1. Quick one: Kirkwood hydrodynamic radius for chain B, alpha-carbon pairs, angstrom, one decimal?
2. Could you calculate the contour length gain from residue B:234 to residue B:196, that is, 0.36 nm times the residue separation minus the distance between their Cα atoms, to one decimal place in nm?
3. To make sure I understand, if each residue's beta carbon is the centre and we count other beta carbons within 10 Å, what order do B:1, B:78 fall in, fewest to most?
4. Classify segment A:94-141 from the C-alpha gyration tensor, please: rounded if a/c falls under 1.5, else prolate or oblate depending on whether a/b exceeds b/c.
5. What nm value, rounded to one decimal, do you get for the distance between residue B:69 and residue B:224 when each label is placed 7 Å out toward the C-beta?
6. Which residue fluctuates the most in chain B, going by a Gaussian network model with Cα springs under 10 Å, if the choices are B:74, B:47, B:174?
7. What order, most packed first, do the peptides A:94-101, B:27-34, A:212-219 have when packing is the mean number of other Cβ atoms within 10 Å of each residue?
8. Please average, across the residues of A:212-220, the number of beta carbons from any other chain that are within 10 Å of each residue's own beta carbon, and give a whole number.
Ligand SMILES: Nc1ncnc2c1ncn2[C@@H]1O[C@H](COP(=O)(O)OP(=O)(O)OP(=O)(O)O)[C@@H](O)[C@H]1O
Ligand SMILES: [Mg+2]
């Protein structure tokens with residue numbers, strides 16, 4: 001297997017292969033101590049049904065980038081499109097966004113929280129719950145449907161938040177450090193769980209993470225951002241078939257280790 | 001449980017002190033009725049007290065209901081329409097500065113001796129804590145939750161119903177607790193300004209007629225009403241906001 005692909009050949013992508021395209025995207029925030037440049041001229045493409053991991057140092061604009069793609073923000077400069085939709089409102093309609101925190105409503109049980117994604121689109125409460133229920137079975141949350149968020153473990157809360165994101169029914173999944181708040185053991189379990197979920201769902205996914213190993217384990221391609229203001233400094237293909245089995249075993253693969261090293265080098269450059 | 005025990009002890013100590021002061025030489029029955037005399041008055045005048053209590057209770061409960069409906073309603077409107085909030089908030093604060101004691105007789109002049117002016121005064125006093133707390137509650141929702149609703153494609157109304165109103169519930173109950181306690185005072189003011197029945201009037205009358213024990217009996221019952229309302233609101237909050245066990249907001 002050929003692994004060490006050098007700087008991803010900018011293969012001409014036909015527009016139908018491209019799910020997400022960012023061109024020259026810049027974004028600054030106003031703060032009390034003058035403007036903060038979060039992103040500087042980001043160019044990035046995500047192929048349809050590809051899983052892209054976005055890694056970069058803290059504060060380099062990863063969340064900002066994800067919110068821009070999601071249509072929750074507009075860039076100051078540059079263009080963004082998701083499935084060909086250019087306006088923020090249109091992008092909102094094709095992207096499902098999962099924030100760094102689980103953001104479950106404490107008064108709703110787990111099933112009700114997942115069903116919120118359907119209710120927000122006008123589906124009735126009972127019908128929404130009925131439609132959300134099979135996913136609990138499928139993604140290892142059976143019997144926890146009626147638990148309140150406070151009664152769930154951190155990992156389970158994160159799974160519920162992910163199911164809510166899936167139930168939004170959008171083509172594009174944007175996941176912002178979904179495991180950042182978890183301890184390392186739960187984190188490992190959740191990475192395997194997400195790998196299976198992403199393989200089963202076949203959607204375009206962008207996953208933000210701090211963790212290079214997580215990125216290589218879960219994604220088809222890893223984009224490395226520079227420190228603030230963020231811009232893409234390297235794109236690393238991960239030509240290993242997904243899902244990649246048990247995490248511990250996947251990580252012992254020499255190809256895997258080499259890719260992790262390359263990503264780390266790009267990060268530290 | 002221990003909390004209640006302490007409260008009971010404190011109350012007992014207070015009653016004992018009261019009894020002690022009342023039995024001091026030089027303190028006559030007209031100045032201060034002892035707890036024992038007050039208890040006797042409650043027993044003796046129980047039908048009189050009861051019939052007047054129902055009148056006052058009706059004023060309090062209806063006035064509170066009006067305040068809750070208007071207060072929560074205007075808080076929601078002010079939340080949804082920012083210009084309205086900016087315009088109305090100073091007026092809301094100003095309404096609190098109105099000396100109700102002065103206003104009460106005018107209300108009675110404007111309306112009559114009936115229940116109308118009492119409701120107006122109770123509602124005026126209770127409106128503020130309800131409105132301000134509900135508004136704070138609606139605005140306290142984490143921006144990230146609003147972002148989530150936006151990304152899920154929720155309408156403004158859907159976000160209000162599914163996220164903002166439930167988040168505001170604990171705040172609403174905080175406001176209601178304050179409102180419940182001051183509502184009794186409002187009803188008494190209303191009756192003082194002009195009424196032919198009610199505990200407030202009974203107390204005023206008793207004062208004029210030097211029936212000190214009856215005055216104290218009325219005051220004790222008014223206090224009990226306020227405490228009972230407070231407890232009722234707390235129970236209702238536990239039932240309505242089970243995800244925040246016993247917690248109070250704001
Ligand atoms: N609303 C805002 N107002 C002002 N500055 C902001 C705002 N949001 C983000 N920033 C700044 O922009 C920069 C990028 O923020 P962003 O949250 O996108 O980074 P990040 O890569 O997601 O960080 P982390 O890894 O810590 O989550 C940071 O320096 C941050 O302080
Ligand atoms: Mg972030």
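All of the numbers you see were taken from the coordinates with simple rules; none came from a lab. Everything quoted here is computed from the prediction, not taken from an experiment. Note: ideal-geometry Cβ built from the backbone for every residue, glycine included; neighbour counts use all protein chains shown.
1. Details: mean 1/r = 0.0490 Å⁻¹.
Result for chain B, one decimal place: 20.4 Å.
2. Numbers: separation 38, 0.36 × 38 = 13.68 nm, distance 3.28 nm.
Net length gain for the segment: 10.4 nm.
3. Working: B:1 5, B:78 22.
Ordered from fewest to most neighbouring Cβ atoms within 10 Å, B:1, B:78 come out as B:1, B:78.
4. Details: a/c = 1.33, a/b = 1.13, b/c = 1.17.
It comes out rounded by the Cα gyration axes.
5. Those two pseudo-labels are separated by 3.0 nm.
6. Greatest mean-square fluctuation among the candidates belongs to B:47.
7. Final packing ranking: A:212-219, A:94-101, B:27-34.
8. That average works out to 0.
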